[in-house]
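Visitor: Just dropping this structure here.
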Amino acid sequence: MTRKPISVPATTMWAFLLFLLLPSFGQVQAPPPQNKPVAAPPASDAEKDRGQILKEIASAQEVLLKDPNNAEARFKLARLFYQSGEFEKAKSLVLPLLDAAKPTNDALFLAADLNYLLGHYDDAESTYTRIIALNPGDLQIQARADSKRAMTFYQTNQYAKSAGLFKGLEGKIKLPHWDLMRAFGQERPYQVVWPGDFGLSKAPFLVTDPMPVISVEVQGRQIYALIDTGADMFMLDTEFAAAMDIKPIASMTGTFAGGKQSEVGFGRVDSLKIGQVTLKAVPISILPTQRFSKGFADGKYTIGGIVGTGVLKQFLATMDYPGGQLVLRRADEDGRKDMRQAAQEKTIVELPFVLAMTHYMMARGSLDSKDGLTFFVDSGLASEAAFAAPVQTLKYAGIPIPETKVEEGIGGGGGGFATGQFKIARLGLGPLIQADLKGDYGANPPESYWRLGFINDGIISHQFLKKYAWTIDFVRMTMTFAN
C-alpha cells in the first residue's frame, strides 16, 4: 500500500502595512479528514464569536456543577475556557483527566497545548511523548504529537533533539522549520556572547515612528533593521542574503495581510550583533525587506532586516520607547534587578502572557465596553491605529464596520487589500487603559479569529505600546510596562 505524504504546513498568518508575521509551525494534515488538530475548533465553532462561547461556558459550568465527576462535561468546559483565552482555568480543569487509566487523546493534547502556551515546555514535551507511547499503531496521532514536540524543541533551542522525530515517517513529512532545525546538526542556535561579565546591551532607535529602526551587524556587515514582535525569527532581506552567499535551507509559501502570499526562505547566519551583544548560529527567514524603506525617514535607512520575537526571546528585552532604545539583558535575576533599578520612580505594571505557535505573544485586554479579550501584542502595526481587529471582534464590541478602500502594496506578501479605520473609546492591555484611539479593519481576515484554536480578538500595537518601556520576560512569561 502506498502512503500519501503527511504534510505539516505552516499556519498561514497575516500582517499589516509594511510589517509581517512570519509563518510558523502548522498541524499535521493527512487523510482521513476527521483527523484534525485537537486544539483547533471544529467547523461549527468557527462560526461562533466570543459572546456565544461565553454563553456556552455558563451552560457548561451548570452541567459540571450538577455532576462534578462527569469527565465529558469537565473536558467540554476546559476546552471552552481554552477557546476563550482563560488558559489557567482550562489547565486546572483538564489536568485531572490525565489521571484516568486511559486518558483520551483530546484531553492529553489539550493539556500539552496549554503547558506549551504557558511556557511549561518540559511538561508539554513529556505529554506529547506520552501520546505517542499510548498510540503505537497510529502514525497520524504520532505525527501530530511529533509536530508539537518539534515546537517545544524550537522554543527551547534544542534543535538537535528534532532529529529523532517522526519515526516511521521518514520522507513523508513536509515541515520547513523541522528541516531548518535539523540543518543545525548538534550545534545549538542562538549562542549569546556578551562583551563582559555583566550582560547588558543597548541599541539606540534611529527612528521610533512608525516603528523602531536600529543598526545591527549580520556576519560583520552593518544593516538597518526594524523591530517587530509580529515576526518570528530574524528576517534578512533577499538581496542582502544573496550578497552574503546565504542560501535557503528550506522554503514555504506564507500568507500575509489581506490573504496575500509570498515565498519565504529559511536559513542561518553565523553571527548577529545588536548593540554590544552577539548571537552566534542564528536561524533566519529570507524575504524582501528593502521595499519597506520608504516608510522610514523618507527612505533614509535601507531596511535590510527585521528583529523578530525569536531574537528577543534570548534576552530580557526592553523596548524602551520613551528612552529611544532597545535594551537587552541576561534573562536572569541580575538582569531583572537591573531592569527594576532602571525603572525606579516610574509606574510599573506587570501582566502575564502566553506564547502561541512560534511567536504569538497573547495577553488579556479590553475594547470599549468589552473586557476579557485576548490580544496579540504585536509591535509591527505601522499605522495611526493602535489596534487591528477582524469583523467578529467589531461585531462583538458593537463597533460599526467602517468603509474600506484598497491600499496598494502595503502587505508583507505584496499587493493591495481593502482597509478602513474605526474609533476606539477605550483600549486596554491588562490594567493599562488608553482612550480616544484609532483602530484598523481589513488586514485581519475573518479566519484569523479562530486560526490559533482559541479566539484572537485582534492585535494591540505600536501606537499603544510606545507610551512605555516595555520589557518581555520569556522565562517568567510576564510583560512589564514602565511609564
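Visitor: May I ask you to verify whether Phe464 is buried (at least 23 other Cβ atoms within 10 Å of the Cβ), of a type in the set (Phe, Trp, Tyr) and in a helix (DSSP H, G or I)?
Guide: Answer is yes for this residue.
Visitor: Hey, among the residues in segment 302-317 that are surrounded by 20 or more Cβ atoms within 10 Å (Cβ to Cβ) and farther than 22 Å from Ile249 by Cβ, which one's farthest from the chain's Cα centre (by Cα)?
Guide: Filtering segment 302-317 for residues that are surrounded by 20 or more Cβ atoms within 10 Å (Cβ to Cβ) and farther than 22 Å from Ile249 by Cβ, the one farthest from the chain's Cα centre (by Cα) comes out as Ile303.
Visitor: Turning to a different aspect of this structure: Please tell me if Phe292 is under 20 Å from the mean Cα position of the chain (by Cα), aromatic (Phe, Trp, Tyr) and at negative phi.
Guide: Values: under 20 Å from the mean Cα position of the chain (by Cα): no; aromatic (Phe, Trp, Tyr): yes; at negative phi: yes.
Criteria not met by Phe292.
Visitor: Which is touching a residue at least 40 places away in the same chain (Cβ under 8 Å) and either at positive phi or surrounded by fewer than 17 Cβ atoms within 10 Å (Cβ to Cβ) (or both), of Pro176, Pro195?
Guide: Details: Pro176 fails: either at positive phi or surrounded by fewer than 17 Cβ atoms within 10 Å (Cβ to Cβ) (or both).
Pro195 is the lone residue from the list that is touching a residue at least 40 places away in the same chain (Cβ under 8 Å) and either at positive phi or surrounded by fewer than 17 Cβ atoms within 10 Å (Cβ to Cβ) (or both).
Visitor: If I filter segment 445-457 for residues that are over 18 Å from Met361 (Cβ atoms), of a type outside the set (Gly, Ala, Ser) and part of a loop (DSSP other than H, G, I, E, B), do I get at least one hit?
Guide: First, pick out the residues of segment 445-457 that are over 18 Å from Met361 (Cβ atoms): 445-447, 450.
Subsequent filtering for residues that are of a type outside the set (Gly, Ala, Ser) retains 445-447, 450.
Now drop any that are not part of a loop (DSSP other than H, G, I, E, B), which leaves 445, 450.
Looking for residues that are over 18 Å from Met361 (Cβ atoms), of a type outside the set (Gly, Ala, Ser) and part of a loop (DSSP other than H, G, I, E, B), one finds at least one in segment 445-457, hence yes.
Visitor: In segment 92-111, which residues are part of a helix (DSSP H, G or I) and surrounded by fewer than 21 Cβ atoms within 10 Å (Cβ to Cβ)? Please lay out each step first, then the result.
Guide: Filtering segment 92-111 for residues part of a helix (DSSP H, G or I) gives 92-99, 105-111.
Selection gives Ser92, Leu95, Pro96, Leu97, Leu98, Asp99, Asn105, Asp106.
Visitor: Could you tell me whether segment 146-155 includes any residue that is surrounded by 15 or more Cβ atoms within 10 Å (Cβ to Cβ), in contact (Cβ under 8 Å) with a residue 40 or more places away in the chain and hydrophobic (A, V, I, L, M, F, W, C)?
Guide: Looking for residues that are surrounded by 15 or more Cβ atoms within 10 Å (Cβ to Cβ), in contact (Cβ under 8 Å) with a residue 40 or more places away in the chain and hydrophobic (A, V, I, L, M, F, W, C), one finds at least one in segment 146-155, hence yes.
Visitor: I'd like to check something: does segment 130-152 contain any residue that is assigned to a strand (DSSP E or B) and under 22 Å from the mean Cα position of the chain (by Cα)?
Guide: Keep residues of segment 130-152 that are assigned to a strand (DSSP E or B), which gives none.
There is no residue in segment 130-152 that is assigned to a strand (DSSP E or B) and under 22 Å from the mean Cα position of the chain (by Cα).
Visitor: Six or more apart or on different chains, Cβ atoms under 6 Å: show the pairs whose first residue is in segment 85-114 and more than 19 Å from Pro68 (Cβ to Cβ) and not assigned by TED's automatic domain parsing to the domain that holds Gly453 and whose second is basic (Lys, Arg) and assigned to a helix (DSSP H, G or I).
Guide: Leu114/Lys91
Visitor: Just checking, how many residues over segment 112-123 are touching a Leu at 6+ places or on another chain (Cβ under 8 Å) and surrounded by fewer than 24 Cβ atoms within 10 Å (Cβ to Cβ)?
Guide: 1
Visitor: Hey, another quick one. Condition first: over 20 Å from Lys48 (Cα atoms) and among the small types (Gly, Ala, Ser). Now tell me which residues in segment 414-442 satisfy that.
Guide: Applying the first criterion (over 20 Å from Lys48 (Cα atoms)) to segment 414-442 yields 414-440.
Passing the criteria: Gly414, Gly415, Gly416, Ala418, Gly420, Ala425, Gly428, Gly430, Ala435, Gly439.
Visitor: Right, something else. So which pairs qualify, if the first residue must be in segment 372-396 and among the acidic types (Asp, Glu), the second must be surrounded by fewer than 24 Cβ atoms within 10 Å (Cβ to Cβ), the Cβ gap must be under 8 Å, and the two must be at least 6 apart or on different chains?
Guide: The qualifying pairs are Asp378/Met361; Glu384/Gln421; Glu384/Lys438; Glu384/Gln463.
Visitor: Do we find that Lys202 is among the charged types (D, E, K, R), at pLDDT 95 or above and within 30 Å of Ser293 (Cβ to Cβ) in this structure? Give the steps one after another, and end with the answer.
Guide: Numbers: among the charged types (D, E, K, R): yes; at pLDDT 95 or above: yes; within 30 Å of Ser293 (Cβ to Cβ): yes.
Yes: the conditions hold for Lys202.
Visitor: Hey, another quick one. Out of all the residues in segment 370-397, which are of a type outside the set (Phe, Trp, Tyr), outside any loop (DSSP other than H, G, I, E, B) and either over 15 Å from Gln52 (Cβ atoms) or not assigned by TED's automatic domain parsing to the domain that holds Phe422 (or both)? Reasoning before the result, please.
Guide: We begin by selecting, within segment 370-397, every residue of a type outside the set (Phe, Trp, Tyr); these are 370-374, 377-386, 388-395, 397.
Within this subset, residues satisfying the condition of being outside any loop (DSSP other than H, G, I, E, B) are 370-374, 377, 388-389, 391-395, 397.
Matches in segment 370-397: Asp371, Thr374, Val377, Ala388, Ala389, Leu394.
Visitor: Suppose we keep only residues that are among the aliphatic types (A, V, I, L, M) and within 22 Å of the chain's Cα centre (by Cα) within segment 215-243. Which one would you say is surrounded by the fewest Cβ atoms within 10 Å (Cβ to Cβ)?
Guide: Looking only at segment 215-243, we keep the residues that are among the aliphatic types (A, V, I, L, M), and these are 216, 218, 223, 225-227, 231, 233, 235-236, 241-243.
With within 22 Å of the chain's Cα centre (by Cα) added as a condition, the list becomes 225-227, 231, 233, 235-236.
Working: Ala225: 28, Leu226: 29, Ile227: 24, Ala231: 31, Met233: 28, Met235: 29, Leu236: 28.
In this case the residue turns out to be Ile227.
Visitor: Taking Pro189 as meeting all but one of (1) at pLDDT 95 or above; (2) loosely packed, with under 15 Cβ neighbours inside 10 Å, write down the number of the exception.
Guide: With (1) at pLDDT 95 or above; (2) loosely packed, with under 15 Cβ neighbours inside 10 Å applied to Pro189, the lone miss is (2).
Visitor: Just one of Thr302, Thr358 is touching an Asp or Glu at 6+ places or on another chain (Cβ under 8 Å) and either assigned by TED's automatic domain parsing to the domain that holds Leu236 or under 30 Å from Ala90 (Cβ atoms) (or both); which is it? Please lay out each step first, then the result.
Guide: On the way: Thr302 fails: touching an Asp or Glu at 6+ places or on another chain (Cβ under 8 Å).
Just one listed residue meets the conditions, Thr358.
The values are calculated or read from the model by the stated rules, or taken from the named source; none is laboratory data. Just so it is clear, the structure is predicted and the values come from calculations on it, not from any experiment. So basically every Cβ, Gly included, is an ideal-geometry build from the backbone, and we count neighbours across all protein chains shown.
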